[in-house]
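Shown next, in structure tokens, is the structure this report addresses.
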Amino acid sequence: MFSLPNTALAQDRAGELLEELAASESAAQAERLEKALYMEWSKSGSAAMDLLLKRGRDALEVNETDAAIGHLTALTDHAPQFAEGWHALALAYYQVEMFGPAMDALEHVLALNPVHFGALRGVAAIHDQLGNDALAYEAYAKVLELRPFDEEVTGALERLAGKVQGISI
């Protein structure tokens, strides 16, 4: 098992960025903060683990999901406390519609980082696709609290509101 160094400083920075994101006043500001936050979350503290994350993400970008899953599984095996590794693995599973393994990986992310809006959005999307409207709505609402300028999430909430709340918007 691989042990990551103390990342308290990175967590402090991520906390600051999350607060700024929740209070952002424009989509452009929110986008800038989100990018900075993902950069913080992507720091494993190990060059080898960072390389596995990069290789996995690169493979995903060119739709080589088998390779991506291989790299990202190795990453999560060696650095199980690295939430962003689990998030990338969830994306790979989601890309090939393996929703069970994707949800399992997302649960790992949220256990390690309960405010990971990307993971929450993934949970919402899976529940939405499976017809679990109330669970999808709840997860989308949490995403919007953390990430106020997500038009797709706002649209999903509006679409699901009638089904979940019994009213039409």
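Miscellaneous remarks
- Taking 0.36 nm per residue of separation and subtracting the Cα-Cα distance, full extension of the segment from LEU51 to GLN129 would add 24.9 nm.
- Once the mean of 1/r is taken over each pair of separate Cα atoms and inverted, the chain shows a Kirkwood hydrodynamic radius of 16.6 Å.
- Sum of side-chain charges, LYS142 neighbourhood, beta-carbon under 13 Å (Lys, Arg +1; Asp, Glu -1): -1
- Portion, in percent, of the accessible area of the chain that falls on carbon or sulfur, probe 1.4 Å: 54 percent
- Overall form of the range 101-150 per C-alpha gyration tensor (a/c, 1.5; a/b vs b/c): oblate
- The modelled label-to-label distance for the pair GLU31/GLU145, using points 7 Å beyond Cα in the direction of Cβ, is 2.7 nm.
- Partner lysines whose Cα lies under 27 Å from the Cα of LYS142, excluding those fewer than 8 positions away in the same chain, are identified as LYS35, LYS43, LYS163.
- Under DSSP loop assignment and at most 11 Cβ neighbours within 10 Å, longest GluC sites (Glu not before Pro)-free interval of the chain: 98-169
- Computed over the alpha-carbon atoms, the range 69-132 gives an Rg to Rh ratio of 0.96, Rh here being the Kirkwood radius from the mean inverse distance.
The values are calculated or read from the model by the stated rules, or taken from the named source; none is laboratory data. Model, not experiment: these values are computed from the prediction. Note that we place each Cβ from the backbone using ideal geometry, even for glycine, and neighbour counts take in every protein chain shown. For accessibility, only protein heavy atoms count, side chains too; no ligands or nucleic acids. Shrake-Rupley method; radii C 1.70, N 1.55, O 1.52, S 1.80 Å.
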